[in-house]
Amino acid sequence: MKVLNINTIVFILFLSRASLEVVAQKEIDSSFYVTKSLLLSSKKVVYQNKVIYDAFKEIKKLKKRDPDTYYYIDYVPLSLIDNILSFEKNNMEQPRYSYMTAHSFVQTINLKTQEPYSLLLLVEEASLLRALKNDPYINTLKNIDLQKLKKCKSFNKALGILNKRLYKNNHFTPYSYAILNYIPHKNKVLVRLIRTVSSNMSFTKYLQLGLKVTPSKLFKEKIKRNKPFFLYTYKTGRLVAQSFYKK
């Protein structure tokens, strides 16, 4: 096996860095969804004339702190129900002459308040809890107490059991989800409950649970207000590129 010397390694890092800088110079913003009140793109979201996030400004702040590091940030819209937006945020940084690091996460927020928005507000808790307890994938897991899970009377307590042996940044939460579809004639919402998976690789991996649940009255009101979009409408980002547990 041929071992690279330090000069060769430095040269490879230099080339990698240079290619990233070229990408950065050509980077443009692309709009996904535009209405009178909302502009949704990979770099910026503006809701009712208020900037919700701006990747260019975030990178500018990071560059002030460390001008020699290359930074990349983008946002991938996953689903939108009225003013409730689920998105994936991707972060990457490449220090000069060092290794690249990257991480991603999924979050759902209320665009009006810019605060995380719980899945429990959009679906009936009893239906969600029942779907979680009966999920075939969950019932194959050997590192959780299934008997305790069956006895849970709240969604948050059930998540506590699922998260017990996971690192904190790999937890299921009521704020990390996306809406896959809504079936009005069956009165059902298809939800993807999403968490990150521990990995030795540079890029984030996800686990998605597919849950069919009953919508809340609030969901039914919101779905009528604006034209919604659902997970996989915009086929971009790390989440939609990965296989997932469906049933």
Quick check on this structure: which one of Leu211, Leu180 is touching a residue at least 60 places away in the same chain (Cβ under 8 Å), over 22 Å from Asn83 (Cβ atoms) and open to solvent by less than 50 Å² (accessible area, probe 1.4 Å)? Leu211
Please go through (1) surrounded by 12 or more Cβ atoms within 10 Å (Cβ to Cβ); (2) within 18 Å of the chain's Cα centre (by Cα); (3) at pLDDT 95 or above; (4) more than 19 Å from Tyr232 (Cα to Cα) for Lys57 and return the number of the only condition it doesn't satisfy. (2)
Find the residue count for the range 127-177, including only residues that are under 30 Å from Val76 (Cα atoms), open to solvent by 30 Å² or more (accessible area, probe 1.4 Å) and not in a helix (DSSP H, G or I). 9
Which of the residues that make up the range 36-54 are open to solvent by less than 20 Å² (accessible area, probe 1.4 Å) and over 19 Å from the mean Cα position of the chain (by Cα)? Leu38
Of these, Arg195, Arg165, which one is among the basic types (Lys, Arg) and either under 18 Å from the mean Cα position of the chain (by Cα) or at pLDDT 90 or above (or both)? Arg195
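Among Phe219, Phe203, which is the only one that is touching a residue at least 60 places away in the same chain (Cβ under 8 Å), crowded, with 16+ Cβ neighbours inside 10 Å and not in a strand (DSSP E or B)? Break it down stepwise before answering.
Working: Phe203 fails: crowded, with 16+ Cβ neighbours inside 10 Å.
Being touching a residue at least 60 places away in the same chain (Cβ under 8 Å), crowded, with 16+ Cβ neighbours inside 10 Å and not in a strand (DSSP E or B) holds for just one of Phe219, Phe203, which is Phe219.
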Given (1) surrounded by fewer than 17 Cβ atoms within 10 Å (Cβ to Cβ); (2) at pLDDT below 95; (3) out of contact with any Leu (no Cβ under 7 Å at 6 or more places or on another chain), where does Ser104 come up short, assuming only one miss? (1)
Consider only pairs whose beta carbons are under 6 Å apart and that are at least six residues apart or on different chains; among these, list those whose first residue lies in the range 145-170 and is farther than 14 Å from Arg195 by Cα and whose second residue is in a loop (DSSP other than H, G, I, E, B) and open to solvent by less than 30 Å² (accessible area, probe 1.4 Å). Ala158/Cys152; Ile161/Ile144
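Here's the yes/no breakdown for (1) within 25 Å of Leu38 (Cα to Cα); (2) open to solvent by 50 Å² or more (accessible area, probe 1.4 Å); (3) under 13 Å from the mean Cα position of the chain (by Cα):
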site: Tyr72; (1), (2), (3): yes, yes, no
site: Ser79; (1), (2), (3): yes, no, yes
site: Leu85; (1), (2), (3): yes, no, yes
site: Lys89; (1), (2), (3): yes, no, yes
site: Gln94; (1), (2), (3): no, no, no
site: Tyr97; (1), (2), (3): no, yes, no
site: Lys112; (1), (2), (3): yes, yes, no
site: Leu119; (1), (2), (3): yes, no, no
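The values are calculated or read from the model by the stated rules, or taken from the named source; none is laboratory data. The shown structure was predicted, so the numbers you read here are calculated from the model rather than taken from an experiment. Cβ atoms come from the backbone with ideal geometry, glycine included; neighbour counts cover every protein chain shown. Ligands, DNA and RNA are stripped out before the accessible areas are found, and what is left, the full protein with its side chains, is counted by its heavy atoms. Shrake-Rupley method; radii C 1.70, N 1.55, O 1.52, S 1.80 Å.
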